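The values are calculated or read from the model by the stated rules, or taken from the named source; none is laboratory data. What you see is a predicted model; the values in this text were computed from it and never measured. Here the Cβ positions follow ideal geometry from the backbone for every residue, glycine too, while neighbour counts run over all protein chains shown.
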Amino acid sequence: MRVFIISGITLFFFMLTVAFLRFEDRPDGTSRVTLERMVFSVQPGMVDQFLDTDQRVWTTYLEQKEGFLRKEVFLNYDDSSSVTVLIYWNTPESWFNIPRKEMMQIDSVFNSQFNAEFYTLEVVEPLRIYNPSSR
């Protein structure tokens with residue numbers, strides 16, 4: 001897992017740059033990589049503990065899943081409580097085929113080690129890779 005500290009505007013352009021430079025497209029115009037984006041609001045002073053727990057619980061779990069490529073974490077200079085997580089999956093199916101029951105069990109483990117009162121999940125969404133040739 002990589003941790004980056006950047007401003008919100010830089011994050012936006014970084015994500016476009018990563019998408020544009022690193023990922024090839026399939027002949028049907030779809031991307032080879034699916035990005036899962038999550039944005040958390042974490043109580044001030046708890047971000048380091050949140051990141052440590054996330055690494056131990058979620059990253060360790062995801063590294064065992066077929067289709068998981070990598071995970072990156074972005075901290076926002078403008079909002080020290082905002083944590084953006086990008087998870088790179090080989091295909092959308094790799095992400096969506098993880099059993100919900102398993103995810104809930106891992107979430108329970110995470111919340112037993114990091115109090116759920118200290119964070120809020122603001123956004124969960126898949127991202128499409130920008131492909132100028134498919135316009």
From the set of residues in the stretch 90-123 that are under 16 Å from the mean Cα position of the chain (by Cα) and at pLDDT 90 or above, which is surrounded by the fewest Cβ atoms within 10 Å (Cβ to Cβ)? M103
Restricting to the stretch 84-126, give me the number of residues that are over 14 Å from E36 (Cα atoms) and in contact with a strand residue (DSSP E or B) (Cβ under 7 Å, 6 or more places away or on another chain). 3
Checking R128 against (1) modelled with pLDDT under 90; (2) among the charged types (D, E, K, R); (3) under 20 Å from S41 (Cβ atoms); (4) out of contact with any Phe, Trp or Tyr (no Cβ under 7 Å at 6 or more places or on another chain), the condition it does not meet: (3)
Just a yes or no: is a residue in the stretch 59-66 crowded, with 19+ Cβ neighbours inside 10 Å, closer than 18 Å to T120 by Cβ, in contact with a strand residue (DSSP E or B) (Cβ under 9 Å, 6 or more places away or on another chain) and modelled with pLDDT of 90 or more? no
Answer yes if at least one residue in the stretch 10-25 is at pLDDT 85 or above and either assigned to a loop (DSSP other than H, G, I, E, B) or over 20 Å from V123 (Cα atoms) (or both), and no otherwise. no
Within the stretch 37-68, take every residue that is of a type in the set (D, E, K, R) and outside any loop (DSSP other than H, G, I, E, B) and give me the one that is nearest to W95 (Cα to Cα). R37
Run T30 past the list (1) closer than 18 Å to E122 by Cα; (2) modelled with pLDDT under 85; (3) not basic (K, R) and report the number of the one that doesn't hold. (1)
